[in-house]
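What follows is a set of notes on a single structure, which appears directly below.
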Amino acid sequence: MDSKTRRKFLRDRVNQRNGLIVPGAFNAMSARMIADLGYEVAYLSGAGLTNMYYAAPDLGIIGLRDVAECTTRIREAVDLPLIVDGDTGFGNAVNVYHTVRTLEHAGADAIQLEDQTFPKRCGHFAGKDVAPLPEMLSKIRAAVDARQDENFLIIARTDARATLGFEAAIDRARQCAEAGADILFVEATESLEEVRQVPKLLDRPQIINLVIGGKTPALDASELAQMGYGIVLYANAALQGAMLGMQRALGALKRDGRLDEDPDLVAPFRERQRLVNKPLFDELEKRYTV
């Protein structure tokens with residue numbers, strides 16, 4: 001699927017507002033697994049990249065180079081539409097312009113920008129704060145101006161719910177839409193009533209982020225589709241599953257002193273080779289060996 005087709009598909013799919021489940025990836029292999037399992041869209045999680053690449057918390061530690069490199073690796077591995085977490089844009093509006101150009105070139109199909117101050121924090125952490133609204137609006141305008149494909153989506157996320165309250169968060173989201181954002185993301189809503197109200201109060205497609213163990217009530221995607229959400233984001237489900245899998249496999253090895261091909265603990269050797277596309281490389285080797 002070429003970039004124009006991917007981006008048009010993503011825009012149309014989100015505009016259906018029927019609760020599309022989008023899992024988060026943290027590297028090329030996790031994106032490959034998302035594609036292999038039949039998901040339609042993947043999301044590069046800034047928190048996931050930070051956790052898995054640096055073994056550090058989501059506290060503004062990664063930079064544009066980290067995100068661009070990971071975007072490129074994922075794009076080489078899969079042709080799914082890819083939403084990329086751009087944090088706060090890595091600077092001011094001018095930096096956002098450069099960030100959008102860089103990530104669109106790297107293979108992103110949408111960028112998420114948020115209104116936190118630096119250093120940004122996971123949306124479900126305490127202690128975060130938001131930048132003045134004019135600063136965020138200038139970033140959204142810069143992002144719109146920077147994109148080269150009109151179907152490259154600009155996602156405006158506000159973290160104002162935690163510091164300014166729900167009504168202020170809704171107002172910020174509305175103004176981001178007026179500045180040109182294609183999708184709105186009110187992060188860390190804290191009650192079922194707030195979850196229900198967001199799609200009623202905002203006229204652009206919505207993302208809801210279901211952080212496992214986080215502040216937002218967990219609901220089935222079918223319920224969220226009925227409410228009108230475009231995307232049901234599980235940004236770090238794969239990450240938390242991978243962490244548990246590693247703990248179990250390595251814990252068994254530590255305990256028992258050996259580890260066999262137990263399907264409850266490890267993927268079989270043949271499955272591992274399938275997922276890294278070894279048969280293709282075998283065929284290439286045959287084709288080009290003199």
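The values are calculated or read from the model by the stated rules, or taken from the named source; none is laboratory data. For clarity, every value in this text was computed on a predicted model and none was experimentally measured. Here the Cβ is made from the backbone with ideal geometry for all residues, glycine too, and neighbour counts use every protein chain on show.
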Query raised in the report: Is it fair to say Ala225 is under 22 Å from Lys8 (Cα atoms), more than 18 Å from the chain's Cα centre (by Cα) and touching a residue at least 12 places away in the same chain (Cβ under 8 Å)?
Result: yes
**Report entry** Boolean, Arg287 is free of Cβ contacts under 8 Å to residues at least 60 places away in the same chain, outside the structural domain of Ala126 (by TED's automatic domain parsing), under 29 Å from Asp85 (Cβ atoms) and of a type outside the set (Asp, Glu)
**Finding:** no
**Report entry** Single residue of segment 139-159 satisfying the filter (more than 12 Å from Thr88 (Cα to Cα) and small (Gly, Ala, Ser)) that is surrounded by the fewest Cβ atoms within 10 Å (Cβ to Cβ)
**Finding:** Ala146
Report summary line: Those residues of segment 245-269 that are surrounded by 10 or more Cβ atoms within 10 Å (Cβ to Cβ) and not in a loop (DSSP other than H, G, I, E, B) come to a total of 9
Query raised in the report: Mind checking whether some residue in segment 218-238 is aromatic (Phe, Trp, Tyr), assigned by TED's automatic domain parsing to the domain that holds Ser45, crowded, with 18+ Cβ neighbours inside 10 Å and touching a Pro at 6+ places or on another chain (Cβ under 8 Å)?
Result: yes
